[in-house]
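**Q** Can you read through this structure? Questions will come right after.
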Amino acid sequence: TALLTVPTPGRGFTDLTAEATNFIKDVHARDGALTLFIRHTSASLTIQENADPSVLADLTTALSRLAPENAGWTHDTEGPDDMPAHVKTMLTGTSLQIPVLNGNLVLGTWQAIYLIEHRMRPHRREVVLQFIGSNQ
């Protein structure tokens with residue numbers, strides 16, 4: 001188990017694939033599963049396409065349309081982007097599980113692991129990585 005601290009630049013996607021791959025190598029994983037869990041309610045995790053950056057831009061737009069800032073939210077203590085961030089986290093999720101086979105993450109060719117920052121300003125996010133399985 002390890003704790004990864006991720007600085008985000010503000011709203012958008014941060015690729016964590018290299019960090020997850022390095023963790024699997026560091027723990028000498030062979031076969032099993034990697035779990036990632038984000039310890040926040042206004043940021044989330046997802047697996048998405050890593051080839052065309054316009055996919056991530058369009059996903060950011062889609063999430064903003066699903067939970068706009070000007071929807072008349074009651075919870076606005078931390079600003080107008082806070083409640084929409086909670087909704088986006090609920091829609092996308094706080095944990096992932098990825099198979100590990102022969103010491104490698106079993107991701108598809110165009111898949112990457114992303115932290116999605118739903119707030120406008122930069123944050124430092126914590127992601128727990130845990131491997132369960134056999135070691136080399």
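Quick note: the coordinates plus some simple rules give every number you see, no bench work behind them. The structure presented is a predicted model; accordingly, all values stated were derived computationally and were not measured. Backbone-built Cβ (ideal geometry, glycine too); neighbour counts: all protein chains shown.
**Q** Could you work out which residue, out of HIS118, HIS75, HIS40, moves most in a Gaussian network model of the chain, that is, has the largest mean-square fluctuation with Cα springs under 10 Å?
**A** HIS75
**Q** Dipole of the range 51-136 (Lys/Arg Cβ +1, Asp/Glu Cβ -1, origin at the Cα centre): which of PRO99, MET83, SER54 lies farthest to the positive side?
**A** Value: PRO99.
**Q** Over the chain, what relative contact order in percent results from Cα pairs under 8 Å that are six or more residues apart?
**A** 55
**Q** Here is a follow-up. If one takes the longest principal axis of the Cα atoms in the chain, at what angle in degrees, from 0 to 90 and to the nearest 10, does the Cα axis of helix 53-66 lie?
**A** Long axis of 53-66 versus the principal axis of the chain: about 50 degrees.
**Q** Please give the charge dipole size of the range 7-46, origin at the Cα centre, charges +1 on K and R Cβ atoms and -1 on D and E Cβ atoms. Round to the nearest 20 debye. It would help to have the intermediate numbers written out before the result.
**A** Working: 4 positive and 4 negative charges, 23 e Å.
So the dipole magnitude of the range 7-46 works out to roughly 120 debye.
**Q** Placing +1 at every Lys and Arg Cβ and -1 at every Asp and Glu Cβ, with all other atoms neutral, what dipole size does the range 18-134 have around its Cα centre, in debye to the nearest 20? Walk me through the intermediate numbers first.
**A** Numbers: 9 positive and 13 negative charges, 51 e Å.
Roughly 240 debye for the range 18-134.
**Q** Let me ask something else. Quick check: from the Cα gyration tensor, does the range 39-82 come out rounded (a/c under 1.5), prolate or oblate? Spell out each step's value before the answer.
**A** Working: a/c = 3.67, a/b = 1.79, b/c = 2.05.
Because a/c hits 1.5 or more and a/b fails to exceed b/c, the range 39-82 counts as oblate.
**Q** To the nearest 10 degrees, how steep is helix 17-26 against the longest Cα principal axis of the chain, on a 0 to 90 scale?
**A** 30
**Q** Which one of ASP52, ASP31, ASP81 has the biggest mean-square fluctuation once the chain is modelled by GNM with Cα springs under 10 Å?
**A** ASP52
**Q** Using the reciprocal of the averaged 1/r over all distinct C-alpha pairs, how large is the Kirkwood radius of the chain in Å?
**A** On the way: mean 1/r = 0.0642 Å⁻¹.
Here the Kirkwood hydrodynamic radius works out to 15.6 Å.
**Q** Within the range 98-136, list the residues whose amide N lies under 16 Å from a label point set 7 Å along Cα→Cβ of ARG30.
**A** What the label zone holds, given the 16 Å backbone N cut-off, is 100-105, 132-136.
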